[in-house]
1. Those residues that are assigned to a helix (DSSP H, G or I) and of a type in the set (Gly, Ala, Ser), I need them from the range 125-145; list them, please.
2. Before we move on, is Ser140 closer than 29 Å to Trp202 by Cα and modelled with pLDDT of 90 or more?
3. In the range 139-178, which residues are surrounded by 15 or more Cβ atoms within 10 Å (Cβ to Cβ), more than 30 Å from Lys291 (Cα to Cα) and touching a Ser or Thr at 6+ places or on another chain (Cβ under 7 Å)?
4. Out of the residues in the range 84-124 that are touching a residue at least 60 places away in the same chain (Cβ under 8 Å) and not in a helix (DSSP H, G or I), state the one that is surrounded by the most Cβ atoms within 10 Å (Cβ to Cβ).
5. If I filter the range 146-166 down to residues being part of a loop (DSSP other than H, G, I, E, B) and touching a helix residue (DSSP H, G or I) at 6+ places or on another chain (Cβ under 8 Å), which single residue comes out as farthest from Ile99 (Cα to Cα)?
6. Can you tell me which of Ser242, Ser197 is under 16 Å from Ile58 (Cβ atoms), among the polar types (S, T, N, Q) and in contact (Cβ under 8 Å) with a residue 24 or more places away in the chain?
7. Return the residue satisfying two criteria in turn: it lies in the range 300-327 and is more than 14 Å from Leu260 (Cα to Cα) and either in contact with a Cys (Cβ under 6 Å, 6 or more places away or on another chain) or in contact (Cβ under 8 Å) with a residue 40 or more places away in the chain (or both), and of such residues it is surrounded by the most Cβ atoms within 10 Å (Cβ to Cβ).
8. Starting from the range 162-189, keep only residues that are at positive phi, then list their pairs with residues that are assigned to a helix (DSSP H, G or I) whose Cβ atoms are within a distance under 7 Å, requiring at least 6 positions of separation or different chains.
Amino acid sequence: MLILAKAAMAMMLGFTLAIASGLVFIPLLKKLHIGQMVSREINKRHLIKEGTPTMGGIIFIFPVILSLILLYINRSIEFSYNIFILIFVFLSYAILGGIDDYLKIKYKNNAGISIVTKFLMQMLIALVFFYLFMRSGGSSTIEFTALNIVIPLGWMFGIFILFLLVGTTNAVNITDGLDGLAAGLSAIAFLAYGIISWNCGWLEGYQEIAIFCFLIVGSLLGFLVYNSHPAKVFMGDLGSLSLGGALATIAILTRHELSLAIIGGVFVIETLSSFIQIISIRYFNKKIFLKAPLHHHFEELKWNENDIVKLFYVIGLLLAMAAITYGVWL
């Protein structure tokens, strides 16, 4: 019961602080003219969203960090090496995304940081994480716990980590295209990893990692008050990159890397749809989807935005429940 009480407390704290943060930061973003630039290539219905405040990821990032500080001062949590790694990745990707957002706003286009530079910076953060992870005694193996199979990867594990971190951050970023879509799916994913983390009693700081997850869930629910359709604010790359980085980090720390493909199944599908579309157009001069990523395909089919988001939520929740069953029970 204590676990449930701590989880409920963390979500309530994150939610309350996110609501308060929105009341402060949204007017500030408007005052600073930090508005979203909408690409003309996207569905015309999105043009009405141009000028909506972006960089709203601060609304859930700030509450998570403030909550951790308050809980530490109150001696409700302890700072371990693993929670330090998690916070480092979370904030590093947030800073990278914030710089990208700033450049888009400054130059009034959607270019931001060049693709090559952004990728190299993502790789650099992933390399620092890999160093910190291995220094803490991290294992370079992949485990199929249900089948009792352990596969040693050696130096290839470093490449696997790079792929996981960079891939997840970009996957969440790609999915962030409809009001409330990325935030809601991320809340579901962190809820799943919160439950999984609390089952990792062997991991140093496992309770703090679980609390971190539940804090993000509460903060994202508070953010959705402002981000659900019609959105009053967007999370921007500041938010999407930080969420993706944190998700991948928790998956690696808890040794549930493979579960990420299930928990983040919708993110994977969205990314694959974009990849397939690019390959198909480049090599076969044909479109598989009306528009990519997948949520834009449904928009082109004249689906209502809320209906698309609800469908993706349901799929994300079903996949998360399946992953929890595998990660905790089996």
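The values are calculated or read from the model by the stated rules, or taken from the named source; none is laboratory data. Bear in mind that the values here come from a model prediction, so they are computed numbers and not experimental data. Methodologically, a virtual Cβ is constructed for each residue, glycine included, from the backbone with ideal geometry; neighbour enumeration extends over all protein chains shown.
1. At the first step, the residues of the range 125-145 found to be assigned to a helix (DSSP H, G or I) are 125-135.
Scanning the range 125-145 gives a single hit, Ala126.
2. Details: closer than 29 Å to Trp202 by Cα: yes; modelled with pLDDT of 90 or more: no.
Spelling it out, it is not the case that Ser140 is closer than 29 Å to Trp202 by Cα and modelled with pLDDT of 90 or more.
3. Phe157
4. Only one residue tops the list, namely Gly112.
5. Initially, the range 146-166 is screened for residues part of a loop (DSSP other than H, G, I, E, B), giving 146-148, 153-155.
Next, from what is left, pick out any that are touching a helix residue (DSSP H, G or I) at 6+ places or on another chain (Cβ under 8 Å): 146, 153.
Numbers: Ala146: 42, Leu153: 35 Å.
This residue is Ala146.
6. Working: Ser197 fails: under 16 Å from Ile58 (Cβ atoms).
Testing whether each residue is under 16 Å from Ile58 (Cβ atoms), among the polar types (S, T, N, Q) and in contact (Cβ under 8 Å) with a residue 24 or more places away in the chain leaves just Ser242.
7. Of the range 300-327, the ones more than 14 Å from Leu260 (Cα to Cα) are 300-315.
Next, only the ones that are either in contact with a Cys (Cβ under 6 Å, 6 or more places away or on another chain) or in contact (Cβ under 8 Å) with a residue 40 or more places away in the chain (or both) stay: 300, 305-306, 308-309, 312-313, 315.
Details: Glu300: 11, Glu305: 21, Asn306: 14, Ile308: 20, Val309: 23, Phe312: 25, Tyr313: 17, Ile315: 15.
Result: Phe312.
8. Gly180/Leu224; Gly180/Asn227; Gly180/Val309
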